[in-house]
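We did not get these values from a lab; they are worked out from the coordinates using the rules stated. Please read these numbers as outputs of a predicted model, since none were measured by experiment. Virtual Cβ from ideal backbone geometry, glycine too; neighbours counted across all protein chains shown.
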Amino acid sequence: MSLKSFNKIEENKFELEISIDAETFEKAVTNAFRKNSKKLNVPGFRKGKAPRGIVEKMYGEGVFYDEALNDIYPDELDAAQKEANIEIVDFKNIDFDLKSIGKEGVEFTVKVIVKPEAEVKDYKGIKAEKTEVTVTAEEMDEDVERQRERVSTMESVTDRAAAMDDIVTFDFDGYVDGKQFEGGKAESYTLKLGSNQFIPGFEEQMVGKNIDEEFDVNVTFPEDYHAEELKGKEATFKCLIHEIKQRVMPELDDEFVKDVSEFDTLDEFKADIEKKIKERKEKAADNEVENKILDTVIENTEVTIPEAMIEQKVEENIRDFAYTLQMQGLGLEQYMQYTGMTVDALKENYKEQSEKQVKLRLALEKIAVLESLEPTDEDKEEQYKEYAEMYGMDVDKVKKAIPEEELVKDLRVKKASEFVKENATITTVAAAKDAE
């Protein structure tokens, strides 16, 4: 391959003039002939045994040219972009113009969209505030109650009416304007009173009702209800309770602590809870500060991003989302059916986030260049080990799956992010007190 010339023709767009020498192209043509010779029928020869010269006389000298060029084109284009020190970001919309092709070789031009170079200002000494972490008594109590609830038991109630926080099993049949409506009827439905799963006012009217008691619940659908035909409508639900259950919580004492933890006393248990809550909040506060710093990097970056890069990031984010859904036992198509979401709407939802992600990466790549940030061999090995543990694969297989060149790019971005954070000025401020 010979890169004869490369010229910037507009922002983020280059024209490359590329030539492939006769020897390289001849090898490609020979390979194309060998791949196809067994399929060819030539009079006077057994199938697949006709010499190349005879085949070319019969079908034309350039019979294998297109396939030969298609075979070597990707590598030739890759070599050209490396020599020109550019990175093509849109391979779907390359403007290809074949100038000549034959025994003397190939000459062609391509117009390509390339990765832009970002201009980043004031990325050192970024100022950010970190909220001081405290653990409140309410947070402690909520965590302890979750632990108690986790080992609680459910007991049937037969000697009283339903109360808030009870779990009731009941039938309901809804009417609007005296007529049943779709989705308004169920049998043996289970509901925790006070969970606010139903229309406002519904659960409150069930309080005080007994097992086997038939009663009406009168409510009004909210104006923002999801079903258009029910918005703002008054409704009556005929109800019948079959069962009432209450949650029985264990006593909060040393015996409870021994049952649910490795500790012996309530004080030790609460101290550990406080420690863990503080660790979670510290991590959340650190993440918040990191996001503030990186948002400032984005604000201080000037770059014109090709639409193709944003589209590719959108597709990547959707693939990640689909994988997350799959881990939850739900397919992307099912999700869109349930939510009424379209592919175009999903893409639009991800566009702003994707553009921000692309801009940040371009900024960090530029910072890595400006600060000469390069990963060490130890960094690369450590990253490969992390991936191996993450995917449950051998390190050698991970190395084959992830080229070192791509790994190095990601590590440079990681080092740039760490550099920006290390050089930021972070001030700790007191947490805002809730209004009285």
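Note down the nm distance, to one decimal, between modelled labels 7 Å out along Cα→Cβ at residue 400 and at residue 432.
Result for the modelled spin labels: 5.5 nm.
Find the percent of Cα-Cα distances in the range 260-408 that exceed 25 Å, and round it to a whole number.
The proportion of pairs with Cα distances above 25 Å equals 59 percent.
Can you list the equivalent-ellipsoid semi-axes of the range 313-375, largest first and in whole Å, using the square root of 5 times each Cα gyration tensor eigenvalue?
Equivalent ellipsoid of the range 313-375: 33, 14, 6 Å, largest first.
So if R0 is 30 Å, what FRET efficiency would residue 378 and residue 286 give, r being the distance between their Cβ atoms, rounded to the nearest 0.05?
Efficiency at R0 = 30 Å is approximately 0.75.
Give the order of 294, 40 when sorted by the count of other beta carbons within 10 angstrom, beginning with the fewest.
So the ranking, lowest neighbour count to highest, is 40, 294.
With axes computed from alpha carbons, what is the tilt in degrees of helix 22-36 against the longest principal axis of the chain, rounded to the nearest 10 within 0 to 90?
The two axes meet at around 70 degrees.
For Cα pairs less than 8 Å apart in space and 6+ apart in sequence, what is the mean separation divided by the residue count of the range 262-429, i.e. the relative contact order in percent?
Once divided by the residue count of the range 262-429, the mean separation gives 24 percent.
Quick one: Cα convex hull volume of the range 338-436, Å³ per residue?
Once divided by residue count, the hull of the range 338-436 is 246 Å³.
As a test of the definition: which semi-axes, in Å, follow for the range 109-186 when you take the square root of five times each eigenvalue of its alpha carbon gyration tensor? Largest first, please.
Semi-axes (√(5λ), whole Å): 56, 33, 14.
Write down the Å³ per residue value for the convex hull defined by the alpha carbon atoms of the range 75-214.
Once divided by residue count, the hull of the range 75-214 is 419 Å³.
Over the chain, calculate the relative contact order: mean separation of alpha carbon pairs under 8 Å at least 6 apart, over the residue count, as a percent.
Relative CO of the chain lands at 17 percent.
Given the Cα-Cα distance of residue 311 and residue 195 and 0.36 nm per residue of separation, how much length would full extension add, in nm?
Full extension of this stretch gives 37.7 nm more.
Charges only on Cβ, +1 for Lys and Arg, -1 for Asp and Glu: so what's the dipole of the chain about the Cα centre, in debye to the nearest 20?
Charge dipole of the chain: 2920 debye, to the nearest 20.
First measure r as the distance between the Cβ atoms of residue 258 and residue 353, then evaluate 1/(1 + (r/R0)^6) with R0 = 56 Å and state the FRET efficiency to the nearest 0.05.
Given R0 = 56 Å and the Cβ-Cβ separation, E is 0.75.
For the range 122-155 and the range 11-29, what is the separation of their Cα centres, given in Å?
Measuring centre to centre over Cα atoms gives 60 Å.
What is the percent of Cα-Cα separations in the range 153-248 that go past 16 Å?
Considering the range 153-248, 54 percent of its Cα-Cα pairs are separated by more than 16 Å.
Can you order the peptides 184-191, 417-424 by their average number of other Cβ atoms within 10 Å per residue, highest first?
417-424, 184-191
What is the diffusion coefficient of the range 2-114 in µm²/s, taking the Kirkwood radius over Cα pairs and the Stokes-Einstein relation at 20 °C with a viscosity of 1.002 mPa s?
In µm²/s, the coefficient rounds to 139.
Which percent of the Cα-Cα distances in the chain go past 40 Å?
It works out to 52 percent of all Cα pairs.
Quick check on the range 269-318: what are the equivalent-ellipsoid semi-axes from the Cα gyration tensor, as sqrt(5λ), descending, whole Å?
In descending order, the three semi-axes are 38, 16, 4 Å.
Would you mind calculating the relative contact order of the range 2-114 from Cα pairs under 8 angstrom and at least 6 residues apart, reporting the percent as a whole number?
37 percent
If I take R0 = 41 Å and measure r between the Cβ atoms of residue 175 and residue 327 in this structure, what FRET efficiency does the formula 1/(1 + (r/R0)^6) give, to the nearest 0.05?
FRET efficiency, residue 175 to residue 327: 0.50.
Under a crude label model (7 Å from the Cα following the beta-carbon direction), how far is residue 142 from residue 236 in nanometres?
Result: 4.1 nm between the two label points.
What lysines could a cross-link reach from residue 275, if we take a straight Cα to Cα line under 27 Å and drop same-chain neighbours fewer than 8 places away?
Hits, sequence-local ones excluded: 130, 258, 283, 292, 421, 433.
What nm distance separates the two modelled labels at residue 160 and residue 21, each placed 7 Å from Cα along Cα→Cβ?
In this crude spin-label approximation the distance works out to 9.3 nm.
Please determine, in degrees from 0 to 90 and to the nearest 10, the orientation of helix 377-391 with respect to the longest principal axis defined by the Cα atoms of the chain, where the helix direction is its Cα long axis.
The two axes meet at around 60 degrees.
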